[in-house]
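Chemist: Input: one structure, supplied below.
The values are calculated or read from the model by the stated rules, or taken from the named source; none is laboratory data. Keep in mind that what you see is a predicted model, and the values were worked out from it rather than measured. When we count neighbours, we look across all protein chains shown, and the Cβ atoms used for this are built from the backbone with ideal geometry, even at glycine. Keep in mind that these areas ignore ligands, DNA and RNA; they rest on the heavy atoms of the full protein, side chains included. Shrake-Rupley method; radii C 1.70, N 1.55, O 1.52, S 1.80 Å.
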Amino acid sequence: MKLASLNSSRDGQLIVVNAELTKYAAADSVAPTLQSALDRWQDCAPKLQTIADQLQGDELTGEPFTQESCASPLPRAYHWVDGSAYVNHVELVRKARGAEMPESFWTDPLMYQGGSDTFLAPREAIPLGDVAWGMDLEAEVAVVVDDVPMGISTDAAAQHIKLIMLVNDVSLRNLIPAELAKGFGFYQAKPSSSFSPVAATPDEIGDAWDGRKLHLPLRTFLNGELIGEPNAGVDMTFDFAQLITHAAKTRPLGAGTIIGSGTVSNTDRSSGSCCLAEIRMLEIIEHGEPKTEFMKAGDRVQIHMLDKKGQNIFGDIDQVVVAYE
């Protein structure tokens, strides 16, 4: 099934969306919000699935679905962590600035905890305070879990993945070095992220979801130009089960925790890139300097994923950068 949140209140109104993203049915009878449903997932999921089946089978007429009316599926979340599962991407970025990559990066995931109280809607403008901050897009896949116990095994962790969605994890690249130099991680360099209009249960993906990875191209556009469509299931050094296990090593994860994959990246560069930093690093390696600029006011970002039949799975993240005043 596919779930979304109408942008009608701070935590949204939970709705069930049909597979084609053309109509929806309210889910008030089951749960008022997606967070509420995740808190009681074992009880709520079968009831939501019944609505989904009735909507798909035309037993429910439903209402016309418009992606513009959606907040991110979880308009705010108790916990949002982002990994860097595509280690070849990390290696490339470090190589461009002449830094060696520790061998441990191939065996121990990188992860940070980001702000989760002010997610942007998938069609909401991205505010930019200063172009000198170096605003970048980062197209990613994310999963949402139910309650995960501390110290969970990798095999068990995979069973806690309840929803899948896409992310635009906005980064302010020129603020990152100074923050990391303090030895205390990201903060100002990571403003509000946005997520796809729709979150889907794993069964909705079909055989492109293997239980731990999503094997489909993630398509990213900047100002109408396709800049990348790497396959999210290729070159993913750490799968989602491993990322969950890493996050839950010393504490449990509450229902509704979102875990991002990090920028999707393939070693086959013909598939393009899902962030500008990677494009710039490849330019530095080839030409000695970057030619691509970071984003500025007026730039438009679009991110989506199509299934094997060409159907849009999660809807479109479609945002314009605006000068913040």
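Chemist: Which one of these is in contact (Cβ under 8 Å) with a residue 60 or more places away in the chain, open to solvent by 20 Å² or more (accessible area, probe 1.4 Å) and aliphatic (A, V, I, L, M): 71, 19, 77, 85?
Modeler: 19
Chemist: Return the pair list, or none, for Cβ contacts closer than 8 Å from residues in segment 95-110 that are within 19 Å of residue 242 (Cβ to Cβ) to residues that are open to solvent by 90 Å² or more (accessible area, probe 1.4 Å) and modelled with pLDDT under 90, at least 6 apart or on different chains.
Modeler: Here the result reads 101/95, each pair linking segment 95-110 to a residue that is open to solvent by 90 Å² or more (accessible area, probe 1.4 Å) and modelled with pLDDT under 90.
Chemist: Tell me the residue from 124, 138 that is out of contact with any His (no Cβ under 8 Å at 6 or more places or on another chain), open to solvent by 20 Å² or more (accessible area, probe 1.4 Å) and not aliphatic (A, V, I, L, M), please.
Modeler: Within the list 124, 138, the selection yields 124.
Chemist: Here are 91, 68: which of them is under 30 Å from residue 310 (Cβ atoms), of a type in the set (D, E, K, R) and either outside any loop (DSSP other than H, G, I, E, B) or at pLDDT below 95 (or both)?
Modeler: 68
Chemist: Same structure, new question: Mind checking which residues of segment 273-316 are open to solvent by 20 Å² or more (accessible area, probe 1.4 Å) and part of a strand (DSSP E or B)?
Modeler: Those that are open to solvent by 20 Å² or more (accessible area, probe 1.4 Å) and part of a strand (DSSP E or B): 300, 302, 304, 306, 312.
Chemist: In segment 39-55, is there at least one residue being within 17 Å of the chain's Cα centre (by Cα) and within 27 Å of residue 22 (Cα to Cα)?
Modeler: no
Chemist: Further question: Looking only at segment 150-171, how many residues end up being of a type outside the set (Val, Ile, Thr) and either closer than 12 Å to residue 245 by Cβ or open to solvent by 10 Å² or more (accessible area, probe 1.4 Å) (or both)?
Modeler: So the answer is 10.
Chemist: Then there's this: Take residue 50 and tell me if it is in a loop (DSSP other than H, G, I, E, B) and farther than 30 Å from residue 274 by Cα.
Modeler: Here the answer is no, as residue 50 does not meet what is asked.
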